[in-house]
Structure formats: C-alpha cells, structure tokens
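Below is one structure, written out as structure tokens; the observations come after it.
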Amino acid sequence: MLPRLYLDHAATTPMTAGAIAAVARGQAIWANPSSPHAEGRAARAALEEARGAVAAAYGWRGETLLTSGASESLGLALGRGLIERRIISAVEHDAAIRAGGDAVVVAPVDANGVVDLDALAALLSGAPALVCLQWCNSETGVRQPIAAAAAIVRAAGGLLLVDAAQMPASTELADHADFVALSAHKRGGPPGVGALLVRDLATLRPTGGQERGYRPGTENLPAALGYAAALAEPEPDHQALRARLDDAIRRSGGIVVGENAPRHPAIGSYRLPGLAATAQLIRFDIAGIAVSAGSACASGSMKPSHVLRAMGWREEETREVVRVSFGRTTGDGDVDRFVSAWRDVARQARRLAA
C-alpha cells in the first residue's frame, strides 16, 4: 500500500526538525520569564531572542506581541484597536468575523474574491476605521492587494489589520500594515503560539499582564522558540506545482476557484460538479489522501462557505469544492497521485449522474 498523502497544510503543517529541537531546548529553560532571579532572566533572554527573530523574519520595526495564534491576534486587534469603526472584507476568516462583532461593516469582493477597492474607499469616506483583510484567503488561496488597500485606508485616517496566517514570512507588509496577525503552526512551528505585530502600541488599548501589558499569562517559551526556529527555515515556492495541478483539474472537468486572481502558490481550491465535497473527502481519504473542504475552523459545519457565497457562487456549488494545500515536502509525484485520484472520483460522479 502507498503511504498516506497529506495535502491539507493550510489547516496545519508538520513541525520542522529545527522547530522540534528548539521546543525541546525551551523545555529545558523551565523558569518563568517574568521572574527576577537568574533562572528567570535566562528564560527572559531566550524569549526576547525568539521575539526578535519573529520580528526580523517580517522586517518588522514596531512591537511584536506573542499570542496563542492568529485567532487571538485578530481578537486583540479588532477588540482593542483605538478606532471605533470596524470594516472587514466579505471573505475574512471566521475568527475575524467573530471578533468584529455585530457592528462590523462588510466590504464586498468581486467574483474572484478580491476586495472591491472602490467600495472600500466609499465605506471609509464617512469616518476612519480599522480595516481587516486576509492577505491570503484560507479557503481559496486568493491574495488581496494589500499595498493598494493600505493606501486607501491611510488616506482616510484608518488602520489596516492584515491576517497573514497563511502566508510565508515576508517583509512585504512592513511598510503597509498597522497590525499583522500570525500563526506558527501554519509555518512549520508548534500549535498554540503566534504573534500580533503592532506598528504603534498607542493604537491598541492595554489590559494589563504580560506582553507589554497587552496579554495576561505566563509566556509559552518553548513554543516561542519553536516558532522562531521554523521561520528561519526557508519554504519552497510551489507556484509551478500548483499551476500543474490547476491545469490537470481543468482538463479533468473541474473548476479552479479564483483562477483569475493572484493566489497563494501552495493553496488551490477546486470544484467537482455533481459530487458533494463531503463525498469527495471520503473517497480521497479511502485512497489515502488527506484534503479538506475549506477552512479547518469551519469545515466541520454543514453551512455553505461564506467565502464562495460572497464571490457569487450558488449554495449548491459551494458544497462541491475541496481545498488542496502543499507543504515543504510536497512534490510532482504527490500532485500526480492526487490528480489520478481526482479523475477516479470524477468518473464515479459522472456515472452517478448518468
């Protein structure tokens, strides 16, 4: 039997060898980083080194608050940002939708899932707002025009929060975002740790505790060290690999979601007309292949994808879409194996429809 093939790295990806070793080192530095004695100071020094490494990976010159992950980081920024209004795009992650609350204003997107910049500018014309955009959509892989959006937000006196959980480390956001939400376990680090990059702490209301007074609780030193180590390990560029998969899906009668927009090189979302995603997942799983039906935070529900609905898809169409996402070790042979399984599933769907 073939070994199982994991193609759900957008949900979570295995820890790198460097991250695993760094977590082990952190567990040996067991003191509380807030303690004033020598052991505590050693722990604090290690924590600050990790914090600096996370900031450096993003070219960040502001503050770096360590959190439990991107969901908490989004909650901190949306819950405590010192601008009253909140605007999020119609395709944001469920964590941003929950954190935004009932008073949030929703900016529309086009048929490819890209935010309508003219509509965003119109929404900002009344008063400044904290605007939240997912740099790369976790379901479709579609990327937002962050630089153009940032110019609009700043011209209106607002602040820009970027959910960068799905994207590899990059210095591209350093000149554009006011807040950046990050997650370690999407980048080969341990689960339960992430960061909120903050350009100016004066734009965020503190509540006391650790992390400069913005998050209570003893810092997770082993996880922070693992996160920093993972960011130091380069990630491959899967652009050609995903293009290979896109082409094979099209030739097999499938539909590539957001194909006319810039997309994450390691995330593809595909519709197989005539067969529900739940049935597809079962068939792929039997074939030894792990994929998903959208965001892991929402795929357990039976609700249609709000992301695809915002892009103009009919409800029945949204229920026929699966997501395929690559990791550090994914190669051509893995894509070929998935395509072969996809074609088998497509043939089954056609037989059922006949």
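Data overview
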| item | result |
| --- | --- |
| Beta bridge orientation in the chain: antiparallel %, DSSP, nearest 5 | 55 |
| Options Gly192, Ser252, Gly81, ranked by Cα towards positive dipole end of the chain, top entry (Cβ charges) | Ser252 |
| Unit charges on C-beta of K, R, D, E only; dipole of segment 208-354, Debye | 540 |
| Surface per residue (accessible, 1.4 Å probe) for the chain, Å² | 41 |
| Rounded to 5, percent antiparallel among DSSP beta bridges of segment 57-164 | 15 |
| Hull volume in cubic angstrom per residue (convex hull over the Cα atoms of segment 127-169) | 68 |
| Estimated dipole of the chain in Debye, rounded to 20 [Cβ of Lys and Arg +1, of Asp and Glu -1, Cα centre] | 520 |
| Amide H contacts of Ala107 (H built 1.01 Å from N, under 5 Å, at least 5 apart or other chain) | Ile88, Ser89, Ala90 |
| Among Arg263, Arg187, Arg337, residue whose mean-square fluctuation peaks in a GNM of the chain (springs only between Cα atoms under 10 Å) | Arg337 |
| Length gained when the stretch Arg250-Ala232 is fully extended (0.36 nm per residue, less Cα-Cα span) | 2.9 nm |
| Percent carbon-and-sulfur accessible area, the chain, ignoring ligands, DNA and RNA, probe 1.4 Å | 55 |
| Gap separating the Cα centres of segment 231-255 and segment 1-26, nearest whole Å | 20 |
| Built amide H within the under 5 Å cut-off of Gln210, gap 5+ | Arg215, Gly217 |
| Percentage relative contact order, segment 54-200, counting C-alpha pairs under 8 Å, at least six apart | 32 |
| Helical contribution to [θ] at 222 nm, DSSP H n ≥ 4, -39,500 (n - 2.57), averaged over the chain, rounded to 500 | -11500 deg cm²/dmol |
| Segment 168-220 - Debye-derived log10 I(q)/I(0), Cα point model, q = 0.14 Å⁻¹ | -0.46 |
| Placed amide H near Leu159: partners under 5 Å, 5+ positions off or other chain | Ala129, Leu130, Val131 |
| 0 to 90° range, to nearest 10: angle between helix 146-155 axis and the chain longest Cα axis | 50 |
| 0 to 90° range, to nearest 10: angle between helix 70-80 axis and the chain longest Cα axis | 60 |
| Net charge of Cβ neighbours under 15 Å - reference Ala287; Lys, Arg +1; Asp, Glu -1 | 0 |
| Degrees separating the helix 221-231 axis from the principal Cα axis of the chain, which is the longest one | 50 |
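The values are calculated or read from the model by the stated rules, or taken from the named source; none is laboratory data. This structure is a prediction, so every number in the text was calculated from the model and none was measured. Reconstructed Cβ throughout: ideal geometry from the backbone, glycine too, with neighbour counts over all protein chains shown. Only protein heavy atoms, including side chains, enter the accessible area calculation; ligands, DNA and RNA are left aside. Shrake-Rupley method; radii C 1.70, N 1.55, O 1.52, S 1.80 Å.
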